[in-house]
1. So, restricting to helices (runs of 4 or more DSSP H) that lie completely within region 1-76, which ones have at least 1 residues that are of a type in the set (F, W, Y) and surrounded by 13 or more Cβ atoms within 10 Å (Cβ to Cβ)?
2. Considering only residues that are closer than 14 Å to K230 by Cβ, crowded, with 22+ Cβ neighbours inside 10 Å and within 14 Å of the ligand (Cβ to nearest atom), which ones fall in region 115-134?
3. May I ask you to verify whether I172 is away from the ligand (no atom under 15 Å from the Cβ), over 23 Å from W15 (Cα atoms) and either more than 18 Å from the chain's Cα centre (by Cα) or surrounded by fewer than 19 Cβ atoms within 10 Å (Cβ to Cβ) (or both)?
4. Give R249, R214, R253 a once-over and let me know the one that is touching a strand residue (DSSP E or B) at 6+ places or on another chain (Cβ under 9 Å) and of a type in the set (K, R).
5. Which numbered condition trips up K9, out of (1) farther than 28 Å from Q167 by Cα; (2) in contact with a Ser or Thr (Cβ under 6 Å, 6 or more places away or on another chain)?
6. Could you say which residue among I44, I11 is of a type in the set (A, V, I, L, M, F, W, C) and at pLDDT below 95?
7. Which residues, taken from region 35-92, are farther than 16 Å from L240 by Cα and β-branched (V, I, T)?
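The values are calculated or read from the model by the stated rules, or taken from the named source; none is laboratory data. If you're wondering where the values come from, they're calculated on a predicted model, not measured in any experiment. A quick note on method: Cβ atoms are made from the backbone with ideal geometry, for glycine too, and the neighbour counts reach across all protein chains shown.
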Amino acid sequence: MSAAQLTQKDIETFWNDGYVFKRGLLASDEVAMVDTLIRSDTSISKNSVLLDDSAGGSTELAVWNHPGDDLLGVISRSERVAGGAAKLLDAEVYHYHSKLTMKRPRKGGAWDWHQDYGYWYMNGCLFPDMLSVAIAVDPATKQNGCLQFLRGSHKAGRIEHGRVGGQTGADIDRVNALMTKLDHVYAEMQAGDAVFFHANTLHASAANTSDKSRNVLLCCYNAASNDPVKKHHHPGYTKLDIVPDARIREVGRSGVVAHLDFLNHEEDETVVGKRATSEV
Ligand SMILES: O=C(O)CCC(=O)C(=O)O
């Protein structure tokens, strides 16, 4: 078993806390390939939208649905990432979508407290049998706006979500009440570290006030048994072809550029022009 694979203890941590860190999920050469791709592949910036916060900052967001044979697609189909998601949910999973959330130095905006299932519920996913894997491409710190979690908040069930400025956030009174009872954890990570988190885990992030970028790759999975009952901007069940971890390096070294099935934002009612008004 490779060090990056999830253990029984990791599974217990995930279900107790609503998240589990997997340090060094991507090796330094693997994450360096992702960093180079993000900086050099113009299709990513062309397909990005801006998600504004209420303080004038914005996060650049590129979202895609079906993963392909390029580096980012292969990471999201890898045994380490997709296999880990399946292990945590104890179910066959499919790729619901992936995204890059990119906070430029001193410009990157904040994300309000929310549960991903607060959005995905609206998409016709009947059960919260879903999770995300956030992989740090840059070191993520408090200063550059790392993810934050309320430990154990997934146990509170789905919380009502509504508009908060330009974003959709969880009922803030409820979040504040939970804050008095639960640990508030800053998910500081080195490049290549990852955190798997449950779709009902409350999370947020602050603006990037540093002079360093904060780029994160987020891969989101749904249980195969939880095929959404509503047609929407993310796919229904599609068999996921999980590939061996070694494929990440093979594809990265081959220099295959991104062939991403970017979300057609024009079809997504949450996007106005090139600005996202909600989760996409
Ligand atoms: O990138 C971030 O800081 C937060 C992203 C997030 O919360 C999300 O995509 O649901």
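1. 8-17
2. The answer is W120, and nothing else.
3. yes
4. R214
5. So the condition that K9 fails would be (2).
6. None of the others qualify; the one that does is I44.
7. T36, I38, T42, I44, V49, T59, V63
Residue by residue, here is whether (1) of a type in the set (D, E); (2) touching a Leu at 6+ places or on another chain (Cβ under 8 Å); (3) in contact (Cβ under 8 Å) with a residue 60 or more places away in the chain holds:
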residue: K155; (1), (2), (3): no, no, yes
residue: G162; (1), (2), (3): no, no, no
residue: G166; (1), (2), (3): no, yes, yes
residue: N176; (1), (2), (3): no, no, no
residue: T180; (1), (2), (3): no, no, no
residue: H184; (1), (2), (3): no, yes, no
residue: E188; (1), (2), (3): yes, no, no
residue: G192; (1), (2), (3): no, yes, yes
residue: V195; (1), (2), (3): no, yes, yes
